[in-house]
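J.: Submitted below is the structure of interest, expressed as structure tokens.
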Amino acid sequence: MTLKTASILLAHGSSDPHWLAPFDQLLQRIRYSLSDPEARAELAYMELAEPSLQSQIRRLAEEGYDQIDVLPLFFAAGRHLRKDVPAMLDNMQLLLQQEGMHISIHLHPPIGLEPEVARAISQVVLRQLQ
């Protein structure tokens, strides 16, 4: 039996639509670049914007996804990623299990810790400094 897997790109969230726009653009670029037609990528916000992380997880679980990877679009792992988001995910997983939906949710490290992100940021900063 093959697991049906989806990924959620998680951003902090804001009530400012100008702040949200780059995340929508990023999601569209990622979807366009996916080579696997079965791959599923969604966007969610931790707070202050919709869709919420909880609503996206629920929707994917109701659509039959067994595994959900949460990819934080954060620079580093602060309090939100160390405490708040894991608690949200644990609560959501327990709630869904009580409703008969057994899914696995995996929180990945923030993308800001990836070496290629650090290199890209360094290149932009150096270009601005020269």
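J.: Which of the residues that make up region 99-129 are closer than 20 Å to residue 71 by Cβ and surrounded by fewer than 11 Cβ atoms within 10 Å (Cβ to Cβ)? Explain how you work it out, then say what you get.
T.: Our first condition is that a residue be closer than 20 Å to residue 71 by Cβ; within region 99-129, this holds for 103-121.
Answer for region 99-129, where residues must be closer than 20 Å to residue 71 by Cβ and surrounded by fewer than 11 Cβ atoms within 10 Å (Cβ to Cβ): 115, 116, 119.
J.: Assigned to a strand (DSSP E or B), at pLDDT 95 or above, in contact with a helix residue (DSSP H, G or I) (Cβ under 6 Å, 6 or more places away or on another chain) and buried (at least 17 other Cβ atoms within 10 Å of the Cβ): which single residue out of 57, 68 fits that description?
T.: Going through 57, 68 in turn, just one is assigned to a strand (DSSP E or B), at pLDDT 95 or above, in contact with a helix residue (DSSP H, G or I) (Cβ under 6 Å, 6 or more places away or on another chain) and buried (at least 17 other Cβ atoms within 10 Å of the Cβ): 68.
J.: Every residue in region 72-98 that is assigned to a helix (DSSP H, G or I) and open to solvent by 90 Å² or more (accessible area, probe 1.4 Å), please.
T.: Of everything in region 72-98, those that are assigned to a helix (DSSP H, G or I) and open to solvent by 90 Å² or more (accessible area, probe 1.4 Å) turn out to be 79, 82, 83, 90, 91, 94, 98.
J.: Please identify the pairs in which a residue from region 53-82 that is touching a residue at least 24 places away in the same chain (Cβ under 8 Å) and farther than 29 Å from residue 2 by Cα has its Cβ atom under 8 Å from the Cβ atom of a residue that is in a helix (DSSP H, G or I) and of a type outside the set (Val, Ile, Thr), counting only partners at least 6 apart or on another chain.
T.: Final answer for the pair search is 74/80; 74/81; 74/112; 75/112; 76/112; 76/113; 77/113.
J.: With respect to residue 52, is the statement that it is hydroxyl-bearing (Ser, Thr, Tyr), at negative phi and modelled with pLDDT under 95 true?
T.: It is false that residue 52 is hydroxyl-bearing (Ser, Thr, Tyr), at negative phi and modelled with pLDDT under 95.
The values are calculated or read from the model by the stated rules, or taken from the named source; none is laboratory data. Note that the coordinates shown come from a computational prediction; the quantities given were computed from them, not determined experimentally. Methodologically, a virtual Cβ is constructed for each residue, glycine included, from the backbone with ideal geometry; neighbour enumeration extends over all protein chains shown. The protein model used for the area step is the full one, side chains on, heavy atoms only, and it has no ligands, DNA or RNA in it. Shrake-Rupley method; radii C 1.70, N 1.55, O 1.52, S 1.80 Å.
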